[in-house]
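> One structure, as structure tokens, below. Some questions next.
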Amino acid sequence: MNEVFNDLRFCIHTFGCQMNKHDSERVVGMLEALGAQQVSTIEEADVVVFMTCCVREAADVRLRGQVNSMKNVPVRAGSPTGRRHVAIGGCIGQRDGEALVRELPNVDVVFGTMNLASLPRLIADAIQKESAQVEVLDASLDFPTSLPSHREKNWSAWLPITIGCNNFCSYCIVPYVRGREKSRPLEDIRKEARGLVLAGAKEITLLGQNVNSYGRDLYGEARFADVLDAVHESGVRYLRFATSHPKDLNDQVIERIGSLERVAPALHLAVQSGSDRVLAAMNRRYTAEHYLGLVQKVRAARPDIALSTDIIVGFPGETEADFQATYDLVKEVGYTQVFTFIYSPREGTPAAKLPNDTPREVIQERFDRLRDLVECKAWEANRRDQDTDIEVLVESVNRKDAGAVSGRSPKNQNVHVALPADIDPASLVGSVVSAHVSDARPWFLRADYTGLVER
Ligand code: SAH
Ligand code: SF4
Ligand code: F3S
């Protein structure tokens with residue numbers, strides 16, 4: 001099989017959540033290990049891999065447009081394959097399987113979320129046998145951690161602790177395309193965290209659709225607090241995790257958020273709606289009161305914590321009063337960041353069968369109203385950091401100002417840091433610097449460099 005990959009160039013386009021982004025690192029790692037070379041554009045590539053998302057309709061539509069428009073891109077000079085091969089993986093691959101090949105004749109490989117490891121074989125077969133290869137499994141054989149991974153940066157890493165989801169929120173396709181929740185043994189997580197820190201990781205983000213239910217399948221009880229202890233021991237500077245489901249955020253975890261100093265002061269706690277009626281119809285299994293109780297406990301444990309959330313506007317049957325309850329909750333909590341989505345019916349989910357007769361303009365108006373509030377509250381939260389000293393993990397040279405760098409604060413705020421003229425901005429990427437906040441905006445902070453904390 002290896003000879004197929006020797007002169008092969010591939011590019012990868014990734015949509016959707018961090019799960020997909022992490023899976024893409026493994027795809028790149030596997031193909032590179034076989035000798036293929038990653039390139040950044042379709043024009044240069046012999047194989048184009050799409051890692052797809054179907055959580056909302058827009059992502060579906062976009063993929064089809066992109067695959068179709070590729071037909072017009074000429075094959076690169078010297079391509080060993082003679083024509084460009086297209087592979088579709090991720091959640092649309094998992095959901096649609098064979099049907100994709102029928103619908104999109106220029107697709108050569110379809111794989112799913114449970115069989116990443118098969119991709120090299122499928123690509124080789126598609127090239128050598130000149131026929132489309134489709135392989136989608138219903139369940140993964142084991143936790144896909146043994147695959148090589150190409151990490152884009154050594155200073156920040158994702159560490160999956162669970163895959164899949166058992167929650168079946170009524171609007172959500174994820175449990176159908178990612179399968180049942182599977183946890184990774186605690187000792188594997190501890191070992192990987194240690195290895196990542198030795199390799200230079202300053203930030204580790206634990207990943208799972210619901211990290212708080214970690215361990216139920218393995219240990220019969222949720223043991224996310226133990227994961228936090230184990231990863232904290234690695235000495236990583238910033239420990240983050242996503243996502244937390246409010247129904248499973250327990251007191252032990254809240255205690256760790258307060259007591260483990262390297263757990264970053266940022267919590268993403270998806271609320272989805274502030275109306276109990278809508279929350280019940282969403283099958284979220286908590287009430288607004290329970291959620292607000294959690295917020296209070298978390299703030300008592302960690303007063304500086306920045307809270308962020310996800311909200312769906314326009315769930316079937318959402319009334320003005322339901323929306324108002326969401327609006328009031330957002331106002332009360334004061335999030336630093338809110339990801340707002342307009343409800344998108346997903347075929348096969350229970351909510352897709354509910355009558356949904358709220359006019360589009362009404363939903364759009366609610367969405368806009370909520371977004372204005374979110375901006376106002378985010379600005380209010382950021383203004384509290386005006387004129388304070390913060391740490392910033394530098395991610396890049398600033399796109400607009402070559403004399404500055406951009407990165408994130410422990411609270412996960414975007415920060416643009418102006419540097420003295422004698423510091424080379426590129427040399428700071430991946431370092432932690434200290435900075436003084438000069439200007440707080442709704443979506444970012446401006447700050448002045450005060451020193452290097454850790455290279
Ligand atoms: N497991 C994570 C979220 C995964 S999907 C969690 O529970 O927090 C990310 C977000 O997409 C969800 O939180 C939800 O707000 C949104 N989402 C999911 N399905 C959707 C749909 N059908 N329409 C609109 N937004 C949706
Ligand atoms: Fe979807 Fe709910 Fe699972 Fe999150 S917890 S992935 S919203 S089903
Ligand atoms: Fe999208 Fe799949 Fe993630 S549907 S949000 S890429 S789990």
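> Identify the residue in segment 253-275 that is within 19 Å of residue 166 (Cβ to Cβ) and open to solvent by less than 10 Å² (accessible area, probe 1.4 Å) and, among all such residues, is nearest to ligand 2 (Cβ to nearest atom). Full working, then the answer.
Narrowing segment 253-275 to residues within 19 Å of residue 166 (Cβ to Cβ): 253, 269-270, 272.
Within this subset, residues satisfying the condition of being open to solvent by less than 10 Å² (accessible area, probe 1.4 Å) are 253, 269-270.
Numbers: 253: 16, 269: 12, 270: 7 Å.
My answer is 270.
> If you take the residues of segment 191-210 that are touching a helix residue (DSSP H, G or I) at 6+ places or on another chain (Cβ under 7 Å) and over 24 Å from residue 391 (Cβ atoms), which of them is nearest to ligand 3 (Cβ to nearest atom)?
Here the residue is 209.
> Checking residue 377 against (1) outside any helix (DSSP H, G or I); (2) closer than 17 Å to residue 440 by Cβ: exactly one of these is not met. Which one?
Only one criterion is unmet by residue 377, namely (1).
> Next question. Identify, by number, the condition in (1) modelled with pLDDT of 95 or more; (2) open to solvent by 30 Å² or more (accessible area, probe 1.4 Å); (3) away from ligand 1 (no atom under 16 Å from the Cβ); (4) more than 30 Å from residue 83 (Cα to Cα) that residue 141 doesn't meet.
In the conditions (1) modelled with pLDDT of 95 or more; (2) open to solvent by 30 Å² or more (accessible area, probe 1.4 Å); (3) away from ligand 1 (no atom under 16 Å from the Cβ); (4) more than 30 Å from residue 83 (Cα to Cα), residue 141 misses (1) alone.
> Then there's this: Every residue in segment 331-370 that is charged (D, E, K, R), touching a residue at least 24 places away in the same chain (Cβ under 8 Å) and outside any loop (DSSP other than H, G, I, E, B), please. Show your work before the answer.
We begin by selecting, within segment 331-370, every residue charged (D, E, K, R); these are 331-332, 346-347, 353, 357, 360-361, 365-366, 368-369.
Pick out the ones that are also touching a residue at least 24 places away in the same chain (Cβ under 8 Å) and you get 331-332, 346, 366, 369.
Across segment 331-370, the qualifying residues are 331, 332, 366, 369.
> Sticking with this structure for a sec: Go over the candidates 278, 211 one by one and state the one that is among the β-branched types (Val, Ile, Thr), closer than 21 Å to residue 343 by Cα, crowded, with 20+ Cβ neighbours inside 10 Å and within 16 Å of ligand 1 (Cβ to nearest atom).
On the way: 211 fails: closer than 21 Å to residue 343 by Cα.
Being among the β-branched types (Val, Ile, Thr), closer than 21 Å to residue 343 by Cα, crowded, with 20+ Cβ neighbours inside 10 Å and within 16 Å of ligand 1 (Cβ to nearest atom) holds for just one of 278, 211, which is 278.
> Here's a check for you: in segment 281-309, which residue that is small (Gly, Ala, Ser) and touching a Gly at 6+ places or on another chain (Cβ under 9 Å) is least open to solvent (accessible area, probe 1.4 Å)?
We begin by selecting, within segment 281-309, every residue small (Gly, Ala, Ser); these are 281, 288, 293, 300-301, 306, 308.
From the residues that got through so far, the ones that are touching a Gly at 6+ places or on another chain (Cβ under 9 Å) too are 281, 288, 300-301.
Working: 281: 47, 288: 15, 300: 83, 301: 37 Å².
Residue satisfying both the conditions and the ranking: 288.
> Additional query: So which helices (runs of 4 or more DSSP H) are wholly in segment 96-183 and hold at least 2 residues that are over 30 Å from residue 283 (Cβ atoms) and more than 16 Å from ligand 3 (Cβ to nearest atom)? Talk me through it step by step, then tell me what you get.
Working: elements: 98-103, 119-129, 174-178.
By residue number, 98-103, 119-129.
> Considering each residue of segment 24-69, count those that are within 16 Å of ligand 1 (Cβ to nearest atom) and in contact with a Leu (Cβ under 6 Å, 6 or more places away or on another chain), and give that number. It would help to see each step written out before you state the result.
Residues of segment 24-69 that are within 16 Å of ligand 1 (Cβ to nearest atom), as a first pass: 51-62.
Those still in the list that are in contact with a Leu (Cβ under 6 Å, 6 or more places away or on another chain) too: 52.
Matching residues across segment 24-69 total 1.
> Pick from 42, 92: which is among the β-branched types (Val, Ile, Thr) and within 30 Å of residue 342 (Cα to Cα)? Spell out the reasoning first.
Values: 42 fails: within 30 Å of residue 342 (Cα to Cα).
That would be 92, the only listed residue that is among the β-branched types (Val, Ile, Thr) and within 30 Å of residue 342 (Cα to Cα).
> Okay, next question. Right, residue 324: open to solvent by 10 Å² or more (accessible area, probe 1.4 Å) and away from ligand 1 (no atom under 13 Å from the Cβ) or not?
yes
> Does segment 139-158 contain any residue that is on the phi > 0 side of the Ramachandran plot and out of contact with any Leu (no Cβ under 9 Å at 6 or more places or on another chain)? Lay out the reasoning, then the answer.
The first filter runs over segment 139-158 and keeps only residues on the phi > 0 side of the Ramachandran plot, leaving none.
Scanning segment 139-158, I find no residue that is on the phi > 0 side of the Ramachandran plot and out of contact with any Leu (no Cβ under 9 Å at 6 or more places or on another chain), so the answer is no.
The values are calculated or read from the model by the stated rules, or taken from the named source; none is laboratory data. Being a predicted model, the structure only gives us computed values, none of them experimental. Don't worry about glycine lacking a Cβ; one is built from the backbone with ideal geometry, like all the others, and counts go over all protein chains shown. These area figures cover heavy atoms from the full protein model, side chains too; ligands, DNA and RNA do not enter into them. Shrake-Rupley method; radii C 1.70, N 1.55, O 1.52, S 1.80 Å.
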